[in-house]
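S.K.: Let me begin by handing over the structure; questions about it come next.
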Amino acid sequence: MPSSPAPASGAATSHLYAAARTPFGRFGGALAQVRPDDLAATALRGVLDRLPDLDPARIDDVLWGNANGAGEDNRNVGRMAVLLAGLPVSVPATTVNRLCGSSLDAAMQGSRTVETGDADVVVVGGVESMTRAPWVLPKPSRAFPAGNVTAVSTTLGWRLVNERMPAEWTVSLGESNEMLAEELGIDRARQDAWAARSHVLADEAWAAGRYDDLVVPVPGVDLARDEGIRPGSTAESLAGLTPSFRSAEAGGTITAGNASPLNDGASALVLGSASAAELLGAEPLARVAGRGVHALEPQRFGYAPVEAAQRALDRAGVAWGDVGAVELNEAFAVQSIACVDAWVARGLRDAEVVNAWGGAIAIGHPLGASGARILGTLAHRLRASGERWGVAAICIGVGQGLAVVLENEHAGTGRA
């Protein structure tokens, strides 16, 4: 399949103009004292600071991703971010929840809003404080129950499960990926090697200044870069960690070292029409060329990006052989390897174009923020390399995946 031509003159298009995010903090780490709505406001203010010519009153809408929404991120955290960031009260906002894919979903919805002509400028993003996610108590069906009541953590995974759900659908995220490793024959050694690569590449990217234009500081916090990166990680050092979900004797392969950690952080993007360039005082970084969504059995969620990305590419009219950069959110090393293996089999020319600046195993995965992080990073990678086509993809608990194809309209003008 040949690369798609540029959109016809007059065709509605959406473009990514700016990206910013906070550093991602470790669970209980440097960002633990910062409320999620304040993190969201920091990312929102940070991305608008990259477009000083934009009058914030001209923002048509804000769409914000958030997975939990059970604590300080309640009451429409997108709107809270707008107010806390000091934007005019006339700027509207909504909050999107597609679990880990929330902010990528926000970007997809925002791009459609631009393409329909309903908006010229939309800000999208997402936030999660997994540290500050509260415990919850279910309300009793009748007043004054005599027994004990158990508080349930909202940090990650299933909670208050409906008993009508089949048991195989509601296994833990880790067990789901142990099942995927078993199904596809992806051993512990490959997983540890992938995880070590993530740390090494993230450390190298920070050292090379790749994230200098993407990351904004959080006021009052001494955190200059992503907190979870472990320079010098090797497959050999990771091999010494104990499996977290199945015992080694039972064939367990997934550890704290080859899965993404729990994190706090926020990310933001500015999307707009082609004509918004004058309003924004900036050229776009990339064009949104295709979008894809896919779903399968809940316990196989880690594999869902395979088809989501294929659908996005098909809609963009692009083949895997044309793709020069991929940002895949690394929820687990095993599902990342599974997706990359499938894409290579479909024509991706080199697995090394995946997460070349490190991935979520090192950088972190604050659920609602990750989708906008990978999309913003992808746009910057395309501009730095001069490659034309890139894919951002993410797996989502309960069996879903999302993907977006970006086109670098200045392909060939970047630097290696």
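S.K.: Could you tell me the center-to-center distance, by alpha carbons, between segment 42-88 and segment 323-376 in angstrom?
M.R.: 26
S.K.: Would you kindly state how much longer the chain becomes between residue 160 and residue 182 on full extension, computed as 0.36 nm times their sequence separation minus their alpha carbon distance, in nm to one decimal?
M.R.: Stretched fully, the residue 160-residue 182 segment lengthens by 5.1 nm.
S.K.: Could you work out the relative contact order of segment 133-285, using alpha carbon pairs under 8 angstrom and six or more residues apart, expressed as a whole percent?
M.R.: Computed value for segment 133-285: 20 percent relative contact order.
S.K.: Now a separate question. Name the most mobile residue of 292, 101, 265, meaning the one with the largest mean-square fluctuation, in a Gaussian network model of the chain with Cα contacts below 10 Å.
M.R.: In this elastic network of the chain, the residue with the biggest mean-square fluctuation among 292, 101, 265 is 292.
S.K.: Something else: Check which residues have an amide H placed less than 5 Å from residue 328's amide H, if you skip close sequence neighbours.
M.R.: Amide H neighbours of residue 328, under 5 Å, 5+ apart: 355, 393.
S.K.: Using the Karplus curve 6.51 cos²θ - 1.76 cosθ + 1.60 with θ = phi - 60°, work out ³J(HN,Hα) for each residue of segment 90-98 in order, rounded to whole Hz, and write x for Gly and Pro.
M.R.: Each residue of segment 90-98 in turn: 6, 7, x, 7, 9, 10, 10, 10, 10 Hz.
S.K.: Over segment 152-275, with the other protein chains present, what is the accessible area per residue in square angstrom, probe 1.4 angstrom?
M.R.: Per-residue accessible area for segment 152-275 comes out at 48 Å².
S.K.: Normalised by the number of residues in the chain, what is the relative contact order in percent for Cα pairs under 8 Å and 6+ residues apart?
M.R.: Relative contact order of the chain: 26 percent.
S.K.: Ok, one more. For segment 209-315, which whole percent of the accessible surface, found with a 1.4 angstrom probe, sits on carbon and sulfur atoms?
M.R.: 50
S.K.: A further question follows. Compare 36, 217, 23 in a GNM of the chain, Cα atoms joined below 10 Å, and give the one with the largest fluctuation.
M.R.: With Cα springs under 10 Å in the chain, the top fluctuation among 36, 217, 23 is at 217.
S.K.: List every DSSP H helix in the chain whose Cα atoms extend 15 Å or more along the helix's own long axis and whose mean Kyte-Doolittle hydropathy is at least 1.0.
M.R.: Helices meeting the criterion: 333-345.
S.K.: Could you go through segment 261-277 in sequence order and give the Karplus-derived ³J(HN,Hα) for each residue, using 6.51 cos²θ - 1.76 cosθ + 1.60 with θ = phi - 60°, rounded to whole Hz, and x for Gly and Pro?
M.R.: Values per residue, Gly and Pro as x: x, 8, 9, 10, x, 8, 9, 8, 9, 10, 10, x, 6, 4, 6, 6, 4 Hz.
S.K.: Next question, about the same structure. Select from 54, 86, 331 the residue farthest towards the positive end of the dipole of the chain; place +1 on Cβ of Lys and Arg, -1 on Cβ of Asp and Glu, and compute about the Cα centre.
M.R.: 86
S.K.: Percent relative contact order of segment 6-75, based on C-alpha pairs within less than 8 angstrom and at least six residues apart? Write out the running numbers ahead of the final one.
M.R.: On the way: 26 pairs, mean separation 22.3, N = 70.
The normalised contact order for segment 6-75 reaches 32 percent.
The values are calculated or read from the model by the stated rules, or taken from the named source; none is laboratory data. These numbers were taken from a predicted model, which means no experiment stands behind them. Note: ideal-geometry Cβ built from the backbone for every residue, glycine included; neighbour counts use all protein chains shown. The area values use the complete protein model at the heavy-atom level, side chains included, leaving out ligands, DNA and RNA. Shrake-Rupley method; radii C 1.70, N 1.55, O 1.52, S 1.80 Å.
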